[in-house]
Amino acid sequence: MNPPQSPSQQRWTEAVAVLLSLAYTWGYLQGWTPWCFIPAAIGSGLLALLCWKRNIQAEAALQGFYVAFAFYGAWLSGSAQDWTPQEASIAFHLSATAAAAAATALLARFLKQRTTSAMPGWDAFTTVFSLWATWLMVNNYHANWAYWIAIDAAAIFLYAKRGLPLGAALYAIYLAMALVGWFSG
């Protein structure tokens, strides 16, 4: 599938990607698994194409990861889940954050030297920390919300600067959800 070419096509693609991402979120919250993972995969695939077109390449790869993760989520939804809340020490989070920061720096350097990524630092940050926050989320660590707050705030800026205003709005909604998640737990 080729990325949309005209600005009008890109806006429509962005709107569909955002609506599908929101449909997944709504469906998941309603317990409509495994079916909610279909719009998740398609929405992430469209966002991957748009991110690639806008030269936020690590973010494009992250969205590709989320396409695969949607299939994993659909498969996993058929089995019993242990949602026992997990806790970790401050030392654990400091170590993990330091490791993610180092990985972010390495990825940013790679993106700057070897790709045409338009915003390598921001691109690397949202990608690396999203992978970490996703791991925390699927393992039911409440602290995942704190990471998502920072990631979503950065993603709003990244998407807005790269000409994806609806994507920025999607991350603003995700930021609000992360704030609710943090303060409700």
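The values are calculated or read from the model by the stated rules, or taken from the named source; none is laboratory data. What you are looking at is a predicted structure, and each value in this text was computed from that prediction instead of being measured. Reconstructed Cβ throughout: ideal geometry from the backbone, glycine too, with neighbour counts over all protein chains shown. To get the accessible areas, we keep the full protein, side chains included, count just its heavy atoms, and leave off ligands, DNA and RNA. Shrake-Rupley method; radii C 1.70, N 1.55, O 1.52, S 1.80 Å.
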Given (1) open to solvent by less than 70 Å² (accessible area, probe 1.4 Å); (2) over 30 Å from residue 33 (Cα atoms); (3) free of Cβ contacts under 8 Å to residues at least 40 places away in the same chain, where does residue 93 come up short, assuming only one miss? (3)
Of all residues in the stretch 4-33 being modelled with pLDDT under 95 and touching a Ser or Thr at 6+ places or on another chain (Cβ under 8 Å), the one that is farthest from residue 74 (Cα to Cα): 4
Among the numbered criteria (1) without any contact (Cβ under 8 Å) to a residue 40 or more places away in the chain; (2) open to solvent by 60 Å² or more (accessible area, probe 1.4 Å), which one does residue 36 miss? (2)
Residue check for residue 80: within 25 Å of residue 28 (Cβ to Cβ), modelled with pLDDT of 95 or more and open to solvent by 30 Å² or more (accessible area, probe 1.4 Å): no
Among the candidates 168, 172, 160, residue that is more than 30 Å from residue 80 (Cβ to Cβ), in a helix (DSSP H, G or I), open to solvent by 50 Å² or more (accessible area, probe 1.4 Å) and modelled with pLDDT of 95 or more: 160
